[in-house]
Structure formats: C-alpha cells, structure tokens
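The values are calculated or read from the model by the stated rules, or taken from the named source; none is laboratory data. All values reported here derive from a predicted model rather than from experimental measurement. FYI the Cβ positions are ideal-geometry reconstructions off the backbone, even for glycines, and counts take in every protein chain you see. The area values use the complete protein model at the heavy-atom level, side chains included, leaving out ligands, DNA and RNA. Shrake-Rupley method; radii C 1.70, N 1.55, O 1.52, S 1.80 Å.
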Amino acid sequence: ELYDPAYITVVEGAVETSQELLRQPFDKIFFTGSVAVGKVVMKAAAEQLTPLTLELGGKSPCIIHQDAHVKLAAKRVAFGKVTNAGQTCIAPDYLLVHESVRDAFVEEYAKAIKSFYGKDPVEHTDYGRIVSPKHFERLKGFLQTGSIVLGGEVNEESLKIAPTILEGISWEDPVMQEVIFGPILPMMTYQHLD
C-alpha cells in the first residue's frame, strides 16, 4: 500500500507460486531460508544469470559454561528460542551445557517459559503457532528423539508445540541434522569444552 508496485510488490503463495516467481527475470534475488530451497533458488538464478544472495540457516549453539549467570542465560536463551515459537533465523538451535549447571539451567529455563506464557504455553493466546501442518509434523517427529526434559506438549488443532528441551540425543539424530526452526531445544552436557 505504501510503495509504488514498480518498486515493491508482495506476492503470497506456496511452492507453486515460488516456482513461477523463479521463472521470472529479476535484477537480483535475495533468499533467506533452508539449504534445500536455497539450492533450488540458486539453480533457477544460474539459468538466467541472475545475481543472488543466499542467507541460509545453520545449527546455532548456545554454550552455558559453569561460570555462566544461569538465571540470566536461561531467560535469554528462552526468549531467543520461543519468540514466534522458535521460527526465527536467529533462534538458538541447540544447547551445550556444562554438566555442573545442567539442573539449574533447566529449572531457570522452565521459570522463564512460565513467566512468558504461564503454566500451559500451548494454550496461551500470545504463544505462536507453527507456520504450517507440514512443519508441525516435521517438528513433532523430533519429539521422538532422545528424552523430553521439559515441555513436549502439542496441540494438533492450533499447530502449537510447547517449548521443549530434549536430551539423550546424538549428532546423528534427525534433530541435529537440520535447522530446527521451532520451539524444540536439544541439550547436550559436557565436562570439558574441548
């Protein structure tokens, strides 16, 4: 509404719309998203020799060392992880927690979540939903990995998944093979950062 459509136009749609847009000539493409879709965008841009910028997701860890201010760290990690139900590019993707502060961190994380969304985040009106049924099912599948330390509740109707901490996961598990982009936070403990 605010800009001349010759300069800025919004086109909403799903895969078919994106595919049609990629067939159009552009001066420049800027794509933010997954590696898999980034490859599709890059291939389409190459076919038309269109310059592009890709901003692709990655596995962004948070390290909670033994000398951390645990309450503050837990609050900041929770804020970063559950804003828009974890569907932001800057959300922490997994935790590396020194084993000496593991219990304290989980306790403070739970308190932070409760202060944001009450005892039942899945039912809270301000807590975000997962963007689509497809992504909801993908995220729900991650809940089968390891064991749930906190959260894990889901609401199929509203497409909501409670802020969740998982442990007992390995680097080979599906939850560690792609960007989570949701409120699920795998946690690994360590004794030595090396």
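Considering Glu178, Glu153, Glu157, which residue is of a type in the set (D, E, K, R), in contact with a strand residue (DSSP E or B) (Cβ under 8 Å, 6 or more places away or on another chain) and farther than 18 Å from Ile64 by Cβ?
On inspection, the qualifying residue turns out to be Glu153.
Applying the selection to the range 45-63, what residues are of a type in the set (A, V, I, L, M, F, W, C), crowded, with 16+ Cβ neighbours inside 10 Å and closer than 30 Å to Glu99 by Cα?
Of everything in the range 45-63, just one residue is of a type in the set (A, V, I, L, M, F, W, C), crowded, with 16+ Cβ neighbours inside 10 Å and closer than 30 Å to Glu99 by Cα, namely Cys62.
Do you know which of the residues in the range 121-147 that are of a type in the set (Lys, Arg) and more than 21 Å from Ile169 (Cα to Cα) is least open to solvent (accessible area, probe 1.4 Å)?
My answer is Arg129.
Taking the condition of a type outside the set (S, T, N, Q), out of contact with any Leu (no Cβ under 8 Å at 6 or more places or on another chain) and modelled with pLDDT of 95 or more, does Glu123 pass?
yes
Go through the range 39-86 and give me each residue that's over 30 Å from Ser132 (Cβ atoms), within 20 Å of the chain's Cα centre (by Cα) and of a type in the set (Val, Ile, Thr).
Ile63, Ile64
In this structure, does Gln66 turn out to be touching a His at 6+ places or on another chain (Cβ under 8 Å), open to solvent by 40 Å² or more (accessible area, probe 1.4 Å) and without any contact (Cβ under 8 Å) to a residue 40 or more places away in the chain?
The answer is yes for Gln66.
Tell me, which residue of the range 171-194 that is open to solvent by 80 Å² or more (accessible area, probe 1.4 Å) and of a type in the set (S, T, N, Q) is nearest to Ser147 (Cα to Cα)?
By that ranking, first place goes to Gln177.
Can you give me the number of residues within the range 69-89 that are open to solvent by 10 Å² or more (accessible area, probe 1.4 Å) and closer than 21 Å to Leu56 by Cβ?
Residues flagged as open to solvent by 10 Å² or more (accessible area, probe 1.4 Å) and closer than 21 Å to Leu56 by Cβ within the range 69-89 amount to 6.
From the residues in the range 157-194 that are acidic (Asp, Glu) and more than 24 Å from Ser115 (Cα to Cα), which one is modelled with the lowest pLDDT?
Kept after step one, since they are acidic (Asp, Glu), are these residues of the range 157-194: 157, 167, 172-173, 178, 194.
Imposing the further condition that a residue be more than 24 Å from Ser115 (Cα to Cα) reduces the set to 157, 172-173, 178, 194.
Details: Glu157: 96, Glu172: 95, Asp173: 96, Glu178: 87, Asp194: 84.
That would be Asp194.
When the residues of the range 32-44 are filtered to those that are open to solvent by less than 60 Å² (accessible area, probe 1.4 Å) and modelled with pLDDT of 90 or more, which remaining residue is nearest to Glu178 (Cα to Cα)?
Going through the qualifying residues, I end up with Gly38.
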